[in-house]
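Here's the structure, in structure tokens; my notes come after.
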Amino acid sequence: LQLSNCRLTALPEQFGSLRELEVVSLNENSLDELPESFGGLVALRSCGLLHNNLRTVPDSFGDLISLEHLTLSYNPISVLPPSFCRLRNLRDLHIYHSALAALPDAVGELRALRYLRLDFNRLEQLPESIGRLAYLQELRLGENMLSELPESFGDLRHLSMLYLSSNRLAALPGSFGQLTSLQKLSLGDNRLAMLPDSFGSLSALQELSLSQNRLVTLPESFCRLAALQLLELYHNRLESLPQSFGDLRALRILYLGANDLTGLPESFGELHALRNLSLNANRLTRLPESFGELAALRSLSVSANLLVDLPESFGKLRALQHLRLEGNRIERLPEAFGDLRSLRTFYLSL
């Protein structure tokens, strides 16, 4: 049943009599509420209520025993009734850009959930039962007000994508390292000052954003993230990197700008897959001699540092195409600089 964008302000009480209805789209209307009879749609599998004026759903909503896909985004919904957690067949739930301040304590009863989007709400905490969503694969909680995660969070063993950016997280639970299926993780724009030692157990992790936090150091276990290809750490307070940082040999893109780094470990040159590297706005006084071993490097920004020269090995960066060195104290370039035959753009100024 397609009723989207029909300027509806209400549904008749008899709407729930459509007991054979399997799919309904009520997006882009002006519905303020749903009739209590809505729960009578016991065959309903997919329901779209995007862009309405709903502040909640009726208690009978939990009677939609066949419901698998539900979109309630872009509504001023602030609360869900406890009966909502009876939707045992629900696989996809989208309630983003809404006004949710809390989730029902029994949200863990929605055990069929695979995809859950709750970004752009007002959530301050998550119930302990969320760890019972054992088959959850993608969870989006960005742009909320979360200050902590429950210890049960580590029980989400099938989670492959997790978005927690723009919250108020100051720490992660020790169980976080149990998320061993995680491939993409966004934790940018939080208040993290440290990572748990268990973080290095995220063995499947390929993309990680930790930008705009308060990290001063990384645990040595961080360098066990052998599958990591993209790492964003800009706008933190990092003063140094672990000596074994070079063990991240799958890294292709690395953003370390706007930190307090004064040097790089000698193992840095072992990042042989690295293609894009940003080190701008740090306090680097030198680059390690091993830097020239970054044979795949194509783009490098080391602007706004304290470099006075470059290592002789710099000329071995034969794949380098784009180089920014402005805002340093470099007065001479190494003799081998002329070997950078692939260089296309080069910026150098005091």
Along the charge dipole of the chain, pointing to its positive end and built from +1/-1 on Cβ of Lys, Arg, Asp and Glu, which listed residue (Gly200, Gly315, Tyr255) has its Cα farthest out? Gly315
Inter-label distance for Glu128 and Ser244, nm, one decimal - labels placed 7 Å from Cα along Cα-to-Cβ: 3.4 nm
Summing +1 per Lys or Arg and -1 per Asp or Glu among the other residues with Cβ less than 11 Å from Arg132's Cβ gives -2
For segment 34-46, Karplus-derived ³J(HN,Hα) couplings (6.51, -1.76, 1.60; θ = phi - 60°; whole Hz; x for glycine and proline) come out as 10, x, 4, 5, 4, x, x, 7, 6, 9, 5, 9, 9
How big is the chain along each principal axis, measuring the range of its Cα positions in Å and listing the largest first? 84, 40, 27
How about segment 252-334: which trypsin sites (Lys or Arg not before Pro) there lie in a loop by DSSP and see at most 10 other Cβ atoms within 10 Å? Arg332
Where does the charge balance sit around Asp197 when Lys and Arg score +1, Asp and Glu -1, over other residues with C-beta under 14 Å from its C-beta? 0
Have a look at Val23, Leu162, Leu277 and report the one farthest towards the positive end of the charge dipole of the chain, computed about the Cα centre with Cβ charges (Lys/Arg +1, Asp/Glu -1). Leu277
Calculate the dipole size of the chain relative to its Cα centre from +1 charges on Lys and Arg beta carbons and -1 charges on Asp and Glu beta carbons; express the result in debye to the nearest 20. 780 debye
Residue-ordered couplings for segment 265-272, obtained by feeding phi - 60° into the Karplus form 6.51 cos²θ - 1.76 cosθ + 1.60 and rounding to whole Hz (Gly and Pro as x), are x, 4, 5, 4, x, 8, 7, 5
Taking N as the residue count of segment 108-159, its alpha carbon Rg divided by 2.2 N^0.38 Å gives 1.06
For segment 259-320 and segment 113-184, compute the distance between their C-alpha centroids and round to whole Å. 35 Å
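Relative contact order for the chain: what is it in percent, counting Cα pairs under 8 Å that are at least 6 residues apart?
Worked out over the chain, it gives 6 percent.
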Highest GNM mean-square fluctuation, the chain, Cα pairs closer than 10 Å: which of Glu109, Glu13, Glu207? Glu13
Measure of size requested: the Rg and Dmax of segment 215-313, with Cα atoms as the atom set and Å as the unit; please supply both. 12.2, 35
By the scheme Lys and Arg +1, Asp and Glu -1, what is the net charge of all other residues having a beta-carbon under 13 Å from that of Arg88? +1
Looking at the square roots a ≥ b ≥ c of the eigenvalues of the Cα gyration tensor of segment 284-350, which shape do they give, rounded for a/c under 1.5, prolate if a/b is larger than b/c, or oblate? prolate
Descending accessible area (1.4 Å probe), largest on the left, turns Ile330, Ile65 into Ile65, Ile330
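The values are calculated or read from the model by the stated rules, or taken from the named source; none is laboratory data. Computed from a predicted structure; not experimentally measured. Because the Cβ atoms are built from the backbone with ideal geometry, glycine has one as well, and the counts that use them run over all protein chains shown. Note: accessible area is taken over every heavy atom of the protein model, side chains too, but ligands, DNA and RNA are not part of it. Shrake-Rupley method; radii C 1.70, N 1.55, O 1.52, S 1.80 Å.
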